[in-house]
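Please treat every number below as a calculation from the coordinates, not as lab data. These numbers come from a predicted model, not from an experiment. Counting neighbours? That spans all protein chains shown, and the Cβs are built from the backbone with ideal geometry, glycine included.
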Amino acid sequence: MLRLINGMTLVIATHNPGKVPEIAALLGENYRFVTAGELNLPEPDETEATFTGNAMLKARHAAALSSEVAIADDSGMSVAALDGAPGVFSARWAGPAKDFSIAMKKVETRLEEVGATDRSAWFTSALAVAWPDGPCVVVEGRVDGTLTFPPRGDRGFGYDPIFVPETGELTFGEMEPAAKDAISHRARAFARLRAALID
Ligand code: IMP
């Protein structure tokens, strides 16, 4: 049975040091965390068409190169009327400057172009844990909502200012971080991961 054991080393397959406290807070402090960046592991191209595919690809890559258990995430926003776009391209729609005002405008423009009245959208977070000898566990969390324009709120990041979760009226960009964390796709994915590998 695949389990995360207290005290074990977990490689976080990211070059973003900001993800370490987030993952440590969500998984608990019982592991020794090291990032792929600290180990100088090369970053693989995210070539898969799904969030789970990309999360598994990143976790497997880091586990194989480090010979340690590795965890990776992949997330993004999908718009129903745009056939799920931007989806796995969520970060790329913000361009090299990572400007999400551009990405949010692009979503609005595309919706106008297709003449869609359906504003349904959802965030997905996939989390994968890979063992160096091959096994891999992947889970997904999702939160549904509707899009609103113009963007509202300066909290959060990415597409938060245009997303109103179905449980409320504020955008993720207007909500208290704790209120977002209570219902977010990421929190739901971590709850599933804990249930699968820790509890
Ligand atoms: P990743 O780092 O490849 O997983 O890219 C995820 C991208 O999806 C981010 O750059 C954000 O644009 C978007 N995204 C994922 N989760 C959220 C969220 O909770 N709020 C807003 N945008 C998000």
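Would you kindly identify the helices (runs of 4 or more DSSP H) lying entirely within segment 1-115 that contain at least 3 residues that are small (Gly, Ala, Ser)?
51-66
Which numbered condition in (1) surrounded by 13 or more Cβ atoms within 10 Å (Cβ to Cβ); (2) aliphatic (A, V, I, L, M); (3) more than 21 Å from Phe149 (Cβ to Cβ); (4) within 14 Å of the ligand (Cβ to nearest atom) is the only one that Ala49 fails?
That leaves (1) as the condition not met.
Can you pull out every residue in segment 76-132 that is within 14 Å of the ligand (Cβ to nearest atom) and of a type in the set (Val, Ile, Thr)?
Once the filter is applied, which keeps residues that are within 14 Å of the ligand (Cβ to nearest atom) and of a type in the set (Val, Ile, Thr), segment 76-132 yields Val79, Val88, Ile102, Val107, Thr124.
Go through (1) within 11 Å of the ligand (Cβ to nearest atom); (2) more than 20 Å from Glu108 (Cβ to Cβ); (3) out of contact with any helix residue (DSSP H, G or I) (no Cβ under 9 Å at 6 or more places or on another chain) for Phe163 and report which single condition fails.
It is condition (2) that Phe163 fails.
Taking Glu68, is it touching a residue at least 12 places away in the same chain (Cβ under 8 Å), within 14 Å of the ligand (Cβ to nearest atom), over 22 Å from Phe157 (Cα atoms) and among the acidic types (Asp, Glu)? Outline the logic, then answer.
Numbers: touching a residue at least 12 places away in the same chain (Cβ under 8 Å): yes; within 14 Å of the ligand (Cβ to nearest atom): no; over 22 Å from Phe157 (Cα atoms): yes; among the acidic types (Asp, Glu): yes.
Answer is no for this residue.
Considering every residue within segment 135-158, establish whether at least one is away from the ligand (no atom under 13 Å from the Cβ), among the β-branched types (Val, Ile, Thr) and without any contact (Cβ under 8 Å) to a residue 12 or more places away in the chain.
No, segment 135-158 contains no residue that is away from the ligand (no atom under 13 Å from the Cβ), among the β-branched types (Val, Ile, Thr) and without any contact (Cβ under 8 Å) to a residue 12 or more places away in the chain.
Against the conditions (1) assigned to a loop (DSSP other than H, G, I, E, B); (2) near the ligand (Cβ under 10 Å from one of its atoms); (3) touching a strand residue (DSSP E or B) at 6+ places or on another chain (Cβ under 9 Å), where does Arg186 fall short? Just the number, please.
Condition not satisfied by Arg186: (1).
Give me a count of the residues in segment 123-164 that are farther than 17 Å from Phe100 by Cα and not in a loop (DSSP other than H, G, I, E, B). If you could, list the steps in order and put the result at the bottom.
Here is the first cut: in segment 123-164, the ones farther than 17 Å from Phe100 by Cα are 124-146.
With the extra rule that they be not in a loop (DSSP other than H, G, I, E, B), the set shrinks to 124-130, 136-146.
Qualifying residue count for the region: 18.
I'm trying to understand the selection: among the residues of segment 135-163, which are exposed (fewer than 15 other Cβ atoms within 10 Å of the Cβ) and closer than 17 Å to Ile12 by Cα?
Result: Pro135, single match.
Considering only segment 189-199, state which residues are in contact with a strand residue (DSSP E or B) (Cβ under 8 Å, 6 or more places away or on another chain) and either outside any helix (DSSP H, G or I) or within 14 Å of the ligand (Cβ to nearest atom) (or both). Give the derivation first.
Looking only at segment 189-199, we keep the residues that are in contact with a strand residue (DSSP E or B) (Cβ under 8 Å, 6 or more places away or on another chain), and these are 189-193, 196-197.
Within segment 189-199, Ala189, Phe190 meet the criteria.
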